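Please read the structure below before turning to the comments.
The values are calculated or read from the model by the stated rules, or taken from the named source; none is laboratory data. Here the structure is a predicted model, which is why all the values come from computation and not from measurement. Every residue, glycine as well, gets a Cβ built from its backbone with ideal geometry; the counts of neighbours run over all protein chains shown. Heads up: the accessible areas ignore ligands, DNA and RNA and are worked out on the full protein's heavy atoms, side chains in. Shrake-Rupley method; radii C 1.70, N 1.55, O 1.52, S 1.80 Å.
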Amino acid sequence: MAVPPFVVRTAKAMDATAIGALLRTCYTEGLKADYHPNVLAAALPIISQPKDSLIRSGTYFVADSGEDHLVASGGWSWHGPVGGVAPRDTAHMRHVVVSLDHMRRGVGRVLLDYIFASARAQGVRRMICTSTITAAGFYEAMGFVSRGEVALTLGPGLSFPAVQLVREL
């Protein structure tokens, strides 16, 4: 399928509401097949919130199909999803989602290529990704290598099953 027309651009503070809506829709609907409803009920309020620090970082991007209609978002950071800092040449893939009606059309690939280029320009040579179980296959298709399943701690007593992946840039 052809990639729909869109522009990848750096996220702006005014995108926060649209990014939040995209995250909520993608995670609420997209993760149902791979996660127990109780896990989703506990995790969704946390994982579907846009991270203000990411949006303002200059390393978080949106795919905008026009008039601020976002079809994807995602980026990278020096910090992992639960904190911590890796070596200076290593970064973390963060909050990448593609709207359900634009999946499997090349939007995610274009966005990740943009993210990789941005990270390389900052000296990143290795990207770590803590992925949902649902998206792990996509990341593997994009050249990431799975390091296995992990439990992402979202809060006291709240563990979210995920997959740790790594890709050399």
Listed by first then second residue, the pairs whose first member lies in segment 147-169 and is closer than 11 Å to Ile133 by Cα and at pLDDT below 90, whose partner is assigned to a strand (DSSP E or B) and open to solvent by 50 Å² or more (accessible area, probe 1.4 Å), with beta carbons under 8 Å and at least 6 positions apart or on separate chains, are none
Here, helices (runs of 4 or more DSSP H) confined to segment 1-80 with at least 3 residues that are open to solvent by 60 Å² or more (accessible area, probe 1.4 Å) are 16-30, 37-47
The correct count of residues that are in a loop (DSSP other than H, G, I, E, B) and either in contact with a helix residue (DSSP H, G or I) (Cβ under 6 Å, 6 or more places away or on another chain) or among the small types (Gly, Ala, Ser) (or both) in segment 99-120 is 2
Test: residue in segment 81-94 that is in contact with a strand residue (DSSP E or B) (Cβ under 9 Å, 6 or more places away or on another chain), under 20 Å from Arg167 (Cβ atoms), part of a helix (DSSP H, G or I) and open to solvent by 20 Å² or more (accessible area, probe 1.4 Å): no
